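S.K.: Just passing along the structure, written as structure tokens.
The values are calculated or read from the model by the stated rules, or taken from the named source; none is laboratory data. These numbers were taken from a predicted model, which means no experiment stands behind them. Positions of Cβ are backbone-derived with ideal geometry, glycine not excepted, and every protein chain shown enters the neighbour counts. Protein only, heavy atoms only, side chains kept; ligands, DNA and RNA dropped before computing areas. Shrake-Rupley method; radii C 1.70, N 1.55, O 1.52, S 1.80 Å.
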Amino acid sequence: MTKRVTGPEIERLIQLLARMPGLGPRSARRAALHMIKKKDQLLAPLAAAMAEANEKVRICTTCGNADTSDPCTLCTDPTRDQSIIIVVEDVSDLWALERAAVMNAAYHVLGGTLSPLDGVGPGDLSIAGLVNRVAAGGVREILIAVNATVEGQTTAHYITDQLGGFDLKITRLAHGVPVGGELDYLDEGTLAAAVRARTAF
Ligand SMILES: [Zn+2]
């Protein structure tokens with residue numbers, strides 16, 4: 001049995017930090033020590049920010065975005081085109097698309113993808129919520145922006161089926177050569193998708 005070098009409070013901090021994505025026990029120890037050394041500049045403001053976030057964070061009941069208001073900032077933004085809904089798997093995808101700043105539209109977060117092997121069915125995702133939004137009217141396009149994985153594409157097909165009865169345009173992301181990408185380095189699947197999705201000059 002290894003001897004303890006810190007009190008249980010600091011051990012607990014390290015254990016919790018180690019559960020963060022991308023942080024193992026070693027990185028967690030370094031992060032904890034860094035925070036302890038910078039108690040006033042880092043640990044105290046971080047603790048306050050976490051307490052405030054914990055108190056105020058809500059998941060939007062319309063789109064599934066994480067925000068401090070429900071409906072969220074995006075759902076209530078009058079400058080957004082609410083007639084276009086971009087369907088994503090996770091809030092992180094929503095953030096990525098917003099960073100790209102390519103469309104000023106509404107969103108719908110599914111909360112995952114269909115995966116029968118992992119026991120994830122349609123009822124586990126926010127698909128009925130999406131259908132309800134479309135049924136409520138005013139939506140003219142659904143852009144299904146899921147990952148280019150088997151599960152993502154299965155989910156996209158299922159959603160397309162569910163929305164079959166509505167008069168709207170259903171689109172999906174193009175798959176192809178990444179910006180700056182060299183053909184020689186691409187995997188065959190990406191290259192094949194790029195050829196199939198070729199556009200006129
Ligand atoms: Zn929302």
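S.K.: Pull out all pairs, ordered by first then second residue, where Cβ-Cβ is under 6 Å, the residues are six or more apart or on different chains, the first lies in the range 31-52 and is over 14 Å from I14 (Cβ atoms), and the second is in a helix (DSSP H, G or I).
M.R.: L42/M35
S.K.: Ok, one more. When you scan the range 139-153, how many residues do you find that are modelled with pLDDT under 95 and surrounded by fewer than 16 Cβ atoms within 10 Å (Cβ to Cβ)?
M.R.: Result for the range 139-153: 3.
S.K.: Taking the conditions exactly as written (touching a Leu at 6+ places or on another chain (Cβ under 9 Å) and more than 26 Å from L74 (Cα to Cα)), does P178 satisfy them or not? Working first, answer last.
M.R.: Numbers: touching a Leu at 6+ places or on another chain (Cβ under 9 Å): yes; more than 26 Å from L74 (Cα to Cα): yes.
So P178 passes the test.
S.K.: Out of (1) surrounded by 15 or more Cβ atoms within 10 Å (Cβ to Cβ); (2) free of Cβ contacts under 8 Å to residues at least 40 places away in the same chain, the odd one out for T62 is which?
M.R.: The single condition T62 does not satisfy is (2).
S.K.: Could you check, for the range 37-57, whether at least one of its residues is within 16 Å of the ligand (Cβ to nearest atom) and under 21 Å from S92 (Cβ atoms)? Please lay out each step first, then the result.
M.R.: Let us first name the residues in the range 37-57 that are within 16 Å of the ligand (Cβ to nearest atom), namely 56-57.
Narrowing the set further to residues that are under 21 Å from S92 (Cβ atoms) leaves 56-57.
Checked the range 37-57: at least one residue is within 16 Å of the ligand (Cβ to nearest atom) and under 21 Å from S92 (Cβ atoms).
S.K.: Given L97, L74, which one is modelled with pLDDT of 95 or more, within 16 Å of the ligand (Cβ to nearest atom) and either over 30 Å from A135 (Cα atoms) or open to solvent by less than 100 Å² (accessible area, probe 1.4 Å) (or both)? Talk me through it step by step, then tell me what you get.
M.R.: Details: L97 fails: modelled with pLDDT of 95 or more.
Going through L97, L74 in turn, the sole match is L74.
S.K.: Can you confirm whether R19 is under 30 Å from R133 (Cα atoms) and either at pLDDT 95 or above or not aliphatic (A, V, I, L, M) (or both)? Spell out how you get there, then give the answer.
M.R.: On the way: under 30 Å from R133 (Cα atoms): no; either at pLDDT 95 or above or not aliphatic (A, V, I, L, M) (or both): yes.
In short, no.
S.K.: Suppose we filter the range 156-201 for residues that are surrounded by 10 or more Cβ atoms within 10 Å (Cβ to Cβ), assigned to a loop (DSSP other than H, G, I, E, B) and among the aliphatic types (A, V, I, L, M); how many remain?
M.R.: Of the residues in the range 156-201, 7 are surrounded by 10 or more Cβ atoms within 10 Å (Cβ to Cβ), assigned to a loop (DSSP other than H, G, I, E, B) and among the aliphatic types (A, V, I, L, M).
S.K.: Give the residue that is farthest from the ligand (Cβ to nearest atom), with candidates limited to residues of the range 101-113 that are part of a loop (DSSP other than H, G, I, E, B) and touching a Leu at 6+ places or on another chain (Cβ under 8 Å).
M.R.: Looking only at the range 101-113, we keep the residues that are part of a loop (DSSP other than H, G, I, E, B), and these are 101-104, 110-113.
If we keep only those that are touching a Leu at 6+ places or on another chain (Cβ under 8 Å) as well, we get 103, 110-113.
On the way: M103: 15, L110: 13, G111: 13, G112: 18, T113: 20 Å.
Per the criteria, the residue is T113.
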